[in-house]
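Below: the structure, in structure tokens.
The values are calculated or read from the model by the stated rules, or taken from the named source; none is laboratory data. Computed from a predicted model, the values in this text were never measured in an experiment. Here the Cβ is made from the backbone with ideal geometry for all residues, glycine too, and neighbour counts use every protein chain on show.
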Amino acid sequence: MTSLKETRIDRRFAALKKEGRAALVCFITAGDPDLETSSAILNGLPKAGADIIELGMPFSDPMADGPAIQASSLRALKAGHTMRKTLDMVRAFRKTDADTPIVLMGYYNPIYVYPNETFLDDAAAAGVDGLIVVDVPPEADDELCLPAIGRGLNFIRLATPTTDDKRLKTVLKNTSGFLYYVSITGITGAGSANPEDVQLQVARLKRATTLPVAVGFGVKTPEQARAIGETADGVVVGSALVRAIETSLTQDGRATGNTAGAVLSLVEGLSAALRTS
Amino acid sequence: MASNTQKSSEAKLNTLMTGPDERGHFGLYGGRFVAETLMPLILDLETAYTTAKNDPAFQAELTDLLNHYGGRPSPLYFAERLTQHFRDVAKAQGGTGGAKIYFKRDELNHTGSHKINNCLGQIQLARRMGKTRIIAETGAGQHGVAVATVCARFGLPCEIYMGATDVARQSPNVARMHMLGAKVNPVTAGAGTLKDAMNEALRDWVTNVRDTYYLIGTAAGPHPYPAMVRDFQAIIGNETRAQMLEREGRLPDTLVACIGGGSNAIGLFHPFLDDEGVAIYGVEAGGHGLDVENGHAASMNGGRPGVLHGNRTYLLQDGEGQILEGHSISAGLDYPGVGPEHSWLKDSGRVQYVSITDKEALDAFQLSAKLEGIIPALEPSHALGWVTKLAPTLPQDNLLVMNMCGRGDKDVFAVAGYLGIKL
Ligand SMILES: Cc1ncc(COP(=O)(O)O)c(C=O)c1O
């Protein structure tokens, strides 16, 4: 559907397909709990086993997120994080890693006021590969999705248990890179879907698209990651990582010597689970 | 009533009354900016609403409920002593003005505000759609009470999200909701006010999509809510039109209403948008003053366009697009956004949006109580605050209608506290 050339995301999924395993997609919020610690986590993610990184753009009102990611967004904002700092993090990351895709994930308003066209230029120049903007539906593709594609960025959409076959066509129309299947109706960090349901749903999606399908929401443990990785092309873990940041902090919310390590060792465990299946 | 409205819009080629377009846009504003999980739901809702709207049986049922359960039509009341007061004020300033003041008495509705108009409409729709659980957000608690009321009336369970700050300052309404059988969920996120309650209601909806109906309380949110809530509230303006024609033999000259999310205001304004001779004022909450950073809730006078809660509209936000909490003495106006149709009417210049501070609203509250024997809610006290400034400057034959959209029972203890009254 899109006029995109092969992107970093396409290349990564193609390589993993050859390896015969699912991608580990890791979500952290940019700037959580502070810029320095967050950069250390970001830069350490590929070595710990993250195949694709979703970097959250903090927003004051994350309506689709549960308590863990809400709190992480607020920590970042409280520490003075901005959209420009998020892009700076990506730019610095790209100096040492030319291959690991980064997808920015968040809500529309901080992009809209940037504003859109400038944001897309800056994001592409910083080395961002794709965007997930939770509250911009396909009905508004002309505002952000199409201009993003015009700059070589993948615009990744969510499909959910409420997306029927008719709606799926609309969702897929300008989607590229991968399709993100939200395995539960609910907010991030809530309950987990049962693997049989996920299997059925992934099969349904795969009949409708040749894009890789990554599954997220509710994946917390290596065991769950392994089970989902058996049917999906990617497994997204977010709240569990963000929760690991939270539990490593001091009482007044400051990073400790443990913060980056706590997240990265969790990622190592998840990665190992996907490599041994 | 309806024929009057129709006549005025049919005669116009450039009508302001036909919005939104099929994608829910009022010019730049509106739309459907929601997570994909919710998209199928709001598309269903739109279809269900369009069908219901054109179904005479639905309309007949609604009219019956509005009249016999809600207590409509609400009176159009000539506020004689206030009118005299403003004439005295004008005279003292060497003028001859002082508009003729009417109150549209929606505070006399069952549950004490205009909110019941919308709730009766939406609960009928929810039942048609086969939904078995109702959720809502509330600020002042007036919408929460109205939702709890219609849920009790129709035997549906409901959960109301309310900011923890608002739970404290509007406790009489919290008690009412409990008595009506609703579950009240205090929201501690953010400043614990209306925007946080709306976030939490949206999170509930995303989680319970299959059986739950989200009964939004104002003319904001994703399409079709802004248009649907407006349509249910337009009974205010339609009645006003007919009542004024009957009383004075002509249309009013001036309309004034307060703006939280904008539902009572658009309800009064909408039937008059194409009547060029009618001056229209929407009154935002000026809090501590527009020059106080994050100290007011005047989204249009002190904010910029952005996207939140499903629509593009004027928002209180910082330079990074992070949403500010805002402040108002009135829990019902303390919202950082506004319905998209108002944003569009502001840009087009058809409606003038002004603001009134906490203090001015408190003064107006007392004025209405002492001169008219009507204790207004703090929300319409803002509208009256503007009338206080405007009326003495208008000629005596100017017919001014202010929407008295809620009664002050919920506010009396809070106001006593502000005024230092020992009870
Ligand atoms: C009496 C009253 N008026 C006005 C409002 C503000 O809402 P809206 O602007 O939608 O009429 C509220 C909201 O709680 C209210 O209770």
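Could you run through region B:92-109 and say how many residues are outside any helix (DSSP H, G or I) and of a type in the set (A, V, I, L, M, F, W, C)?
3
Given the residues B:120, B:108, B:180, which is the only one that is farther than 23 Å from residue B:34 by Cβ and over 20 Å from the mean Cα position of the chain (by Cα)? Outline the logic, then answer.
Working: B:120 fails: over 20 Å from the mean Cα position of the chain (by Cα); B:108 fails: over 20 Å from the mean Cα position of the chain (by Cα).
Of the residues listed, the single one that is farther than 23 Å from residue B:34 by Cβ and over 20 Å from the mean Cα position of the chain (by Cα) is B:180.
Given the options B:133, B:87, name the one that is in contact with an Asp or Glu (Cβ under 7 Å, 6 or more places away or on another chain) and either within 28 Å of residue B:189 (Cα to Cα) or not assigned by TED's automatic domain parsing to the domain that holds residue B:52 (or both).
One residue alone meets the criteria, B:133.
Among A:113, A:90, which is the only one that is free of Cβ contacts under 8 Å to residues at least 40 places away in the same chain and at the interface with chain B (Cβ under 9 Å from one of its Cβ atoms)?
Numbers: A:90 fails: at the interface with chain B (Cβ under 9 Å from one of its Cβ atoms).
Within the list A:113, A:90, the selection yields A:113.
Provide a single number: the residues in region A:127-141 that are within 11 Å of another protein chain (Cβ to nearest Cβ) and not in a helix (DSSP H, G or I). Talk me through it step by step, then tell me what you get.
We begin by selecting, within region A:127-141, every residue within 11 Å of another protein chain (Cβ to nearest Cβ); these are A:132-140.
Narrowing the set further to residues that are not in a helix (DSSP H, G or I) leaves A:132-137.
Total satisfying the criteria: 6.
Could you say whether any residue in region B:52-62 is buried (at least 19 other Cβ atoms within 10 Å of the Cβ), more than 30 Å from residue A:132 (Cα to Cα) and over 20 Å from the mean Cα position of the chain (by Cα)? Walk me through how you get there before you give the answer.
Residues of region B:52-62 that are buried (at least 19 other Cβ atoms within 10 Å of the Cβ), as a first pass: B:52, B:62.
So of that shortlist, the ones also more than 30 Å from residue A:132 (Cα to Cα) come out as B:52, B:62.
Now narrow it down to the ones that are over 20 Å from the mean Cα position of the chain (by Cα): B:52.
Yes, some residue in region B:52-62 is buried (at least 19 other Cβ atoms within 10 Å of the Cβ), more than 30 Å from residue A:132 (Cα to Cα) and over 20 Å from the mean Cα position of the chain (by Cα).
What number of residues within region B:308-355 are under 16 Å from the mean Cα position of the chain (by Cα), within 12 Å of another protein chain (Cβ to nearest Cβ) and among the small types (Gly, Ala, Ser)?
Matching residues across region B:308-355 total 1.
Among the residues of region A:189-211, how many are closer than 21 Å to residue A:223 by Cα and either more than 10 Å from every other protein chain (Cβ to nearest Cβ) or among the aliphatic types (A, V, I, L, M) (or both)?
Let us first name the residues in region A:189-211 that are closer than 21 Å to residue A:223 by Cα, namely A:189-203.
Within this subset, residues satisfying the condition of being either more than 10 Å from every other protein chain (Cβ to nearest Cβ) or among the aliphatic types (A, V, I, L, M) (or both) are A:189-190, A:192-203.
Of the residues in that region, 14 qualify.
Within region B:319-326, is there a residue that is among the acidic types (Asp, Glu), at pLDDT 95 or above, buried (at least 23 other Cβ atoms within 10 Å of the Cβ) and assigned by TED's automatic domain parsing to the domain that holds residue B:411? Steps first, answer last, please.
Here is the first cut: in region B:319-326, the residues among the acidic types (Asp, Glu) are B:320, B:325.
From what is left, the residues that are at pLDDT 95 or above are B:320.
When the remaining residues are screened for being buried (at least 23 other Cβ atoms within 10 Å of the Cβ), the result is none.
The answer is no; no qualifying residue exists.
So in region B:248-286, with the set limited to residues that are of a type in the set (S, T, N, Q) and under 23 Å from residue B:193 (Cα atoms), which one is surrounded by the most Cβ atoms within 10 Å (Cβ to Cβ)?
Among those that are of a type in the set (S, T, N, Q) and under 23 Å from residue B:193 (Cα atoms), it is B:264.
So that you can scan it fast, the table gives a plain yes or no per residue for (1) away from chain A (no Cβ under 14 Å); (2) free of Cβ contacts under 8 Å to residues at least 24 places away in the same chain; (3) buried (at least 23 other Cβ atoms within 10 Å of the Cβ):
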| position | (1), (2), (3) |
| --- | --- |
| B:157 | yes, no, no |
| B:165 | yes, no, no |
| B:168 | yes, yes, no |
| B:183 | yes, no, no |
| B:186 | yes, no, no |
| B:197 | no, no, yes |
| B:202 | no, no, yes |
| B:211 | no, no, no |
| B:216 | no, no, yes |
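So, in region B:106-125, of the ones that are of a type in the set (S, T, N, Q) and away from the ligand (no atom under 12 Å from the Cβ), which residue ends up nearest to residue B:214 (Cα to Cα)?
In this case the residue turns out to be B:122.
Is at least one residue of region B:228-250 within 11 Å of chain A (Cβ to nearest Cβ), in contact with a strand residue (DSSP E or B) (Cβ under 9 Å, 6 or more places away or on another chain) and more than 16 Å from the ligand (Cβ to nearest atom)?
Checking region B:228-250: not a single residue is within 11 Å of chain A (Cβ to nearest Cβ), in contact with a strand residue (DSSP E or B) (Cβ under 9 Å, 6 or more places away or on another chain) and more than 16 Å from the ligand (Cβ to nearest atom).
Counting only residues that are more than 15 Å from residue A:71 (Cα to Cα), give me the helices (runs of 4 or more DSSP H) lying completely in region A:188-267 with at least 1 of them. Full working, then the answer.
Values: elements: A:195-208, A:222-229, A:239-248.
Per the criteria, A:195-208, A:222-229.
Just give me the residues in region B:29-68 being hydrophobic (A, V, I, L, M, F, W, C) and within 14 Å of another protein chain (Cβ to nearest Cβ), in sequence order.
Answer for region B:29-68, where residues must be hydrophobic (A, V, I, L, M, F, W, C) and within 14 Å of another protein chain (Cβ to nearest Cβ): B:33, B:34, B:35, B:38, B:39, B:41, B:42, B:43, B:45.
If we scan region A:173-184, do we find a residue that is within 13 Å of chain B (Cβ to nearest Cβ), assigned to a helix (DSSP H, G or I) and touching a residue at least 12 places away in the same chain (Cβ under 8 Å)?
There is no residue in region A:173-184 that is within 13 Å of chain B (Cβ to nearest Cβ), assigned to a helix (DSSP H, G or I) and touching a residue at least 12 places away in the same chain (Cβ under 8 Å).
Would you pick out the residues in region A:68-77 that are within 18 Å of residue B:325 (Cα to Cα) and away from chain B (no Cβ under 11 Å)? Even if it seems obvious, please write down each step before you answer.
Going through region A:68-77, the residues within 18 Å of residue B:325 (Cα to Cα) turn out to be A:70-71, A:73-77.
Within region A:68-77, just A:75 meets the criteria.
Can we say residue B:287 is closer than 24 Å to residue A:80 by Cα and outside the structural domain of residue B:36 (by TED's automatic domain parsing)? Talk me through it step by step, then tell me what you get.
On the way: closer than 24 Å to residue A:80 by Cα: no; outside the structural domain of residue B:36 (by TED's automatic domain parsing): yes.
Here the answer is no, as residue B:287 does not meet what is asked.
When region B:385-412 is examined, which residues are found to be within 16 Å of the ligand (Cβ to nearest atom) and under 18 Å from residue B:280 (Cβ atoms)?
Those that are within 16 Å of the ligand (Cβ to nearest atom) and under 18 Å from residue B:280 (Cβ atoms): B:385, B:386, B:387, B:401, B:402, B:403, B:404, B:405.
Residues B:255, B:268, B:290: which one is modelled with pLDDT of 95 or more, under 18 Å from residue B:227 (Cβ atoms) and touching a strand residue (DSSP E or B) at 6+ places or on another chain (Cβ under 8 Å)?
B:268
Residues that are within 23 Å of residue B:24 (Cβ to Cβ) and within 16 Å of the ligand (Cβ to nearest atom): find the strands (runs of 3 or more DSSP E) completely inside region B:126-225 holding 1 or more of those.
B:133-138, B:212-214
Can you find even one residue in region A:148-166 that is farther than 24 Å from residue A:62 by Cα, more than 11 Å from chain B (Cβ to nearest Cβ) and assigned to a loop (DSSP other than H, G, I, E, B)? Talk me through it step by step, then tell me what you get.
Going residue by residue through region A:148-166, those that are farther than 24 Å from residue A:62 by Cα are A:149-152, A:164-166.
Right, trim to more than 11 Å from chain B (Cβ to nearest Cβ) and you get A:149-152, A:165.
This time we only want the ones that are assigned to a loop (DSSP other than H, G, I, E, B), so: A:151-152.
For region A:148-166, residues farther than 24 Å from residue A:62 by Cα, more than 11 Å from chain B (Cβ to nearest Cβ) and assigned to a loop (DSSP other than H, G, I, E, B): present.
For a quick check of your reading of the model, give me the residue pairs whose first member lies in region B:398-409 and is farther than 16 Å from residue B:267 by Cα, whose second is within 15 Å of the ligand (Cβ to nearest atom) and assigned to a strand (DSSP E or B), with beta-carbon atoms closer than 6 Å and at least 6 apart or on different chains.
B:408/B:376
Identify the residue in region B:296-307 that is farther than 14 Å from residue B:259 by Cβ and free of Cβ contacts under 8 Å to residues at least 40 places away in the same chain and, among all such residues, is nearest to the other protein chains (Cβ to nearest Cβ).
Ranking the candidates gives B:306 first.
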